[in-house]
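First the structure, in the form of structure tokens, and then the observations on it.
The values are calculated or read from the model by the stated rules, or taken from the named source; none is laboratory data. What you are looking at is a predicted structure, and each value in this text was computed from that prediction instead of being measured. In this analysis, Cβ positions are derived from the backbone assuming ideal geometry, glycine residues included, and neighbour counts consider all displayed protein chains. We work out accessible area using only protein heavy atoms, side chains counted, and drop any ligands, DNA or RNA first. Shrake-Rupley method; radii C 1.70, N 1.55, O 1.52, S 1.80 Å.
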Amino acid sequence: MEIQETVERYAEIISKIAFVDVEVVDRRLFRVAGTGMFKAHVNEDMSSAGYTYSRVLETGERQIIYEPGKDPVCDQCPQKGVCGEEIEIAMPVRLGEEIIGVIGLVGNSKSRKRMILRNEKLYLDLIEQISDFIAGKAAEVEDSKDRMALLGAIDHAINHMDQGVLLMGNDGTVAIANDYARRRLKEEDPVGKKAVIVPTGDTMNHRKEYRLSMGKRELSVLGEVYRVPGFTNQYSSVLLFEDTRDVQKRYYEMTATVRTVKVDNIVGSSPATMRMKEDIARIAGSTSTVLITGESGTGKEMVATAIWDLSGRKKNRFVAINCAAIPEALLESELFGYVKGAFTGADPNGRMGKFELADKGTIFLDEIGDMPLYLQAKLLRVLQERTIIRIGSNQVIPIDVRVISATNKDLKEMIREKKFREDLYYRLNVIPLKIPPLRERKEDIEELTDYFAGRYAGLLGKTVRHITESVRRALAACPWRGNVRELENVVEFMVNMMGEDGVLDERTLPRDFWDDAEEEQIRRAELQPEDGEMIVPLKELERLEIEKALRICGSTTDGKKEAAARLGIGVATLYRKLEQYSQNEK
């Protein structure tokens with residue numbers, strides 16, 4: 001039925017040449033074309049009378065009925081015995097191995113029958129040739145449908161690709177563009193518009209870098225231009241590409257390990273911590289560089305992420321790099337990236353640097369004091385010119401990055417020792433932010449202890465029900481030379497050692513904790529002037545000695561007996577005093 005007009009023309013040709021009536025049916029026995037007595041009945045269902053045609057469709061063989069109405073094939077026909085036909089030829093129409101229809105040639109008079117019989121082979125050849133023509137036209141339609149289906153599938157596929165596709169002519173005019181390309185070029189319909197593709201000469205991530213522009217829109221893309229086989233002026237080349245920003249985003253998502261902390265979630269309410277939170281809120285909105293100083297373990301990266309979280313760059317990336325953790329020979333390539341063939345041992349496909357990755361966002365340079373001098377000069381140039389050049393490339397790339405750096409070293413002393421550039425120091429130290437050590441904000445220790453206890457209890461599937469006063473006093477008295485990080489490690493250990501009662505007491509403290517505490521007591525005693533010695537109340541001194549004896553002898557029944565003997569008191573007295581201490585703590 002899809003080629004009915006063609007079939008009708010062929011039926012007319014046969015009819016005029018052979019002087020017979022012709023009809024053509026499809027495999028449903030639906031009349032597609034007809035001449036003479038059949039012309040008025042085109043598009044009718046003839047399955048109830050098409051016995052000869054049914055036989056052809058079933059066997060795939062042509063049928064010649066010399067005596068219509070008398071032939072065995074006509075036994076079931078309603079016209080048997082009264083059929084007005086004198087001769088009938090039925091020829092199958094083949095499309096490959098499939099029978100898609102039948103051509104019927106009917107002679108209604110004895111003269112026409114004699115004419116057909118005299119030229120039977122000629123008639124059969126003619127009908128067979130016409131059958132091939134019809135099949136050929138059907139094949140064209142099927143091929144066209146297949147091509148359309150294939151093109152539709154390809155179109156659907158390329159529109160769901162995670163990269164852009166531009167099919168262009170010799171002059172760069174776009175013939176086909178997928179959805180990704182439309183979105184990145186911000187063109188609803190780029191077809192017919194000219195795309196300008198200029199290679200930068202750099203190769204990264206297995207692909208070449210290009211500048212792709214259309215109108216006023218320009219993109220930095222990674223991809224490849226392919227020549228179309230058998231190209232024409234309209235279809236000459238295809239660009240498969242990905243916006244460099246999308247590559248950066250994917251690379252960032254794969255490598256970022258930063259845990260963002262909001263300023264309101266910074267634990268601690270000491271005056272020093274509150275001042276620090278206020279400073280963070282004040283400087284977050286600026287784009288000036290920030291230099292965070294403080295001892296190791298004070299949480300410099302946490303403060304940096306809090307600044308970023310409050311800034312206008314929060315929606316863009318926060319990229320952190322530890323300058324002390326990366327070998328000196330690799331640090332430059334990590335910061336600025338490199339292109340294919342930049343140096344021996346490099347990834348042959350090149351790699352983006354952290355500054356490029358942080359474009360429009362924030363970069364955090366931790367342990368900046370460990371950066372080698374030659375690299376300090378390059379960093380200074382980046383801060384001054386706001387551009388970078390990848391190693392092995394001559395392409396200048398503009399960047400928009402806010403720099404936050406941190407160190408636990410005395411940079412001024414390093415400047416005096418010629419280990420740190422003075423000009424770089426002043427570039428980094430536009431906004432100085434000092435984090436006080438934990439020993440200078442002891443009021444935060446209790447809050448931090450509770451926070452870490454709850455956190456690690458959740459991670460370990462435990463419940464902390466009580467932290468004894470003696471433990472809190474011990475933690476408050478500790479010098480915490482490792483600052484918050486050391487406190488966190490101690491609390492994590494305690495939660496691991498905690499019993500089923502959910503109590504963090506002295507038994508859960510690390511064994512070397514008391515060594516550090518005694519060293520601190522000795523250090524403080526040495527700092528006291530001889531005429532101003534500290535006086536410890538007897539009850540407190542007694543409690544300390546009892547606790548010390550239990551640490552030495554153990555808290556078992558035998559240990560308590562030994563501790564009482566060494567203290568010179570009875571076991572009952574020892575138990576009574578321990579009960580008093582326990583009641584006081586509650």
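Identify the residue in segment 446-464 that is assigned to a helix (DSSP H, G or I) and of a type in the set (Gly, Ala, Ser) and, among all such residues, is surrounded by the fewest Cβ atoms within 10 Å (Cβ to Cβ).
Within segment 446-464, the subset assigned to a helix (DSSP H, G or I) is 446-460.
Among the residues that remain, those that are also of a type in the set (Gly, Ala, Ser) are: 453-454, 457-458.
Details: ALA453: 19, GLY454: 14, ALA457: 19, GLY458: 12.
The extreme case among them is GLY458.
List every residue pair whose Cβ atoms sit under 7 Å apart, with the two residues 6 or more apart in sequence or on different chains, where the first one lies in segment 557-574 and is farther than 10 Å from ILE546 by Cα and the second, anywhere, is part of a helix (DSSP H, G or I) and open to solvent by 80 Å² or more (accessible area, probe 1.4 Å).
VAL571/LYS561
Taking ILE127, is it surrounded by 17 or more Cβ atoms within 10 Å (Cβ to Cβ), modelled with pLDDT of 85 or more and part of a helix (DSSP H, G or I)? Outline the logic, then answer.
On the way: surrounded by 17 or more Cβ atoms within 10 Å (Cβ to Cβ): yes; modelled with pLDDT of 85 or more: yes; part of a helix (DSSP H, G or I): yes.
The answer is yes for ILE127.
Looking at (1) open to solvent by 70 Å² or more (accessible area, probe 1.4 Å); (2) farther than 30 Å from ILE14 by Cα; (3) out of contact with any strand residue (DSSP E or B) (no Cβ under 7 Å at 6 or more places or on another chain), find the lone condition where LYS194 falls short.
(3)
If you scan segment 255-294, which residues turn out to be of a type outside the set (S, T, N, Q), part of a loop (DSSP other than H, G, I, E, B), under 20 Å from LEU487 (Cβ atoms) and open to solvent by less than 60 Å² (accessible area, probe 1.4 Å)?
Our first condition is that a residue be of a type outside the set (S, T, N, Q); within segment 255-294, this holds for 256, 258-259, 261-264, 266-268, 271-272, 274-285, 290-292, 294.
From what is left, the residues that are part of a loop (DSSP other than H, G, I, E, B) are 256, 258-259, 261-262, 266-268, 284-285, 294.
Narrowing further to those that are under 20 Å from LEU487 (Cβ atoms): 259, 261, 266-268, 294.
Matches in segment 255-294: VAL261, ILE266, VAL267, GLY268, GLY294.
Given the conditions (1) part of a helix (DSSP H, G or I); (2) farther than 30 Å from ILE65 by Cβ; (3) modelled with pLDDT of 90 or more; (4) hydrophobic (A, V, I, L, M, F, W, C), report the number of the one that LEU212 does not fulfil.
In the conditions (1) part of a helix (DSSP H, G or I); (2) farther than 30 Å from ILE65 by Cβ; (3) modelled with pLDDT of 90 or more; (4) hydrophobic (A, V, I, L, M, F, W, C), LEU212 misses (1) alone.
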